[in-house]
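Below: the structure, in structure tokens.
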Amino acid sequence: NNSPHPEWLSLNEGNLSTTGRWIASQSVELTIMPGLRLANQIGIDTYTDERLFFANERPWRTLQGQTSGGSEQQMIHRRQLDNNLRLILDSKKIGESFTINGLLGSQINAQERSDISAEGEDILVPGSYNVGNFDDIDVGGSLATRQRLIGVYGQLTTDYKDVAFLELTGRNDWSSTLPTHSNSYFYPSVSLSLIFTDAFNISNKYLQYGKIRLSRTKVGSDAPPYRLDTGYNNAGAGGPNG
């Protein structure tokens with residue numbers, strides 16, 4: 001049959017994955033004046049994953065004139081670069097009752113992906129798993145897929161005597177995966193909350209803390225790379241019309 005001894009399998013079949021990855025980042029911060037800071041963070045994350053499955057020739061099948069052996073191989077590459085620049089306003093008192101804090105920022109994000117894969121069946125020279133060492137070969141993959149996004153955003157938070165809070169946010173993105181004439185989209189949010197137990201001096205054994213919050217949010221997202229057009233594949237020959 002085709003079920004060899006486990007020791008033979010340990011020497012002649014394998015499933016390997018080797019990943020080389022490095023991550024680097026750097027942050028700098030400048031105090032413009034007390035309570036106002038400018039910060040920038042840049043980072044890169046890149047890796048290559050090489051995957052290999054192999055099965056050697058089965059000699060007992062060769063003696064019977066049958067083929068054997070196979071391999072599946074894949075190389076996956078990913079890279080992401082991200083930069084965030086922020087102007088930060090720390091909490092600041094306005095009069096006796098109000099406190100505000102906020103930030104303005106921008107982001108640049110670039111991603112790149114690519115992969116190549118190959119499958120081989122019917123090994124020619126036992127023990128060699130180069131793709132060219134198989135009688136039946138199927139190779140596929142994709143060239144680099146690139147995606148870039150630029151965004152600007154802001155946030156403002158204010159509170160009244162630590163019992164009522166108002167938060168406003170907004171962000172606008174420009175994406176390379178959208179049509180050039182409409183690649184910009186804006187999505188804001190607003191949130192209002194009240195700690196009513198503190199505002200109305202409610203304190204008893206049944207209710208020590210109570211808070212009510214109302215919010216409205218709009219979310220935005222771009223499209224995956226190269227998905228703006230519908231593609232069709234040839235179904236191949238066949239049928240009554242050839």
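The values are calculated or read from the model by the stated rules, or taken from the named source; none is laboratory data. If you're wondering where the values come from, they're calculated on a predicted model, not measured in any experiment. Here the Cβ positions follow ideal geometry from the backbone for every residue, glycine too, while neighbour counts run over all protein chains shown. Side chains included, ligands, DNA and RNA excluded: accessible areas come from the protein's heavy atoms. Shrake-Rupley method; radii C 1.70, N 1.55, O 1.52, S 1.80 Å.
So the values come out like this:
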| item | result |
| --- | --- |
| Partners for Lys161 among aspartates and glutamates (Cα-Cα distance below 20 Å; same-chain residues under 8 apart left out) | Asp90, Glu96, Asp198 |
| Using alpha carbons only: equivalent-ellipsoid semi-axes of the chain, gyration tensor based, whole Å | 59, 24, 21 |
| Convex hull volume of the stretch 6-88 per residue (C-alpha atoms, cubic angstrom) | 100 |
| Ratio Rg/Rh [Cα only; Rh per Kirkwood] for the stretch 117-242 | 1.36 |
| Tyr187, Tyr209, Tyr232, ranked by accessible area, largest first (probe 1.4 Å) | Tyr232, Tyr209, Tyr187 |
| Surface share of carbon and sulfur [accessible, 1.4 angstrom probe, percent] for the chain | 54 |
| Accessible area per residue in Å² at 1.4 Å probe, computed on the chain | 70 |
| Selection from Ser71, Phe53, Asn109 lying farthest towards where the dipole of the stretch 2-161 points positive, charges on Cβ | Asn109 |
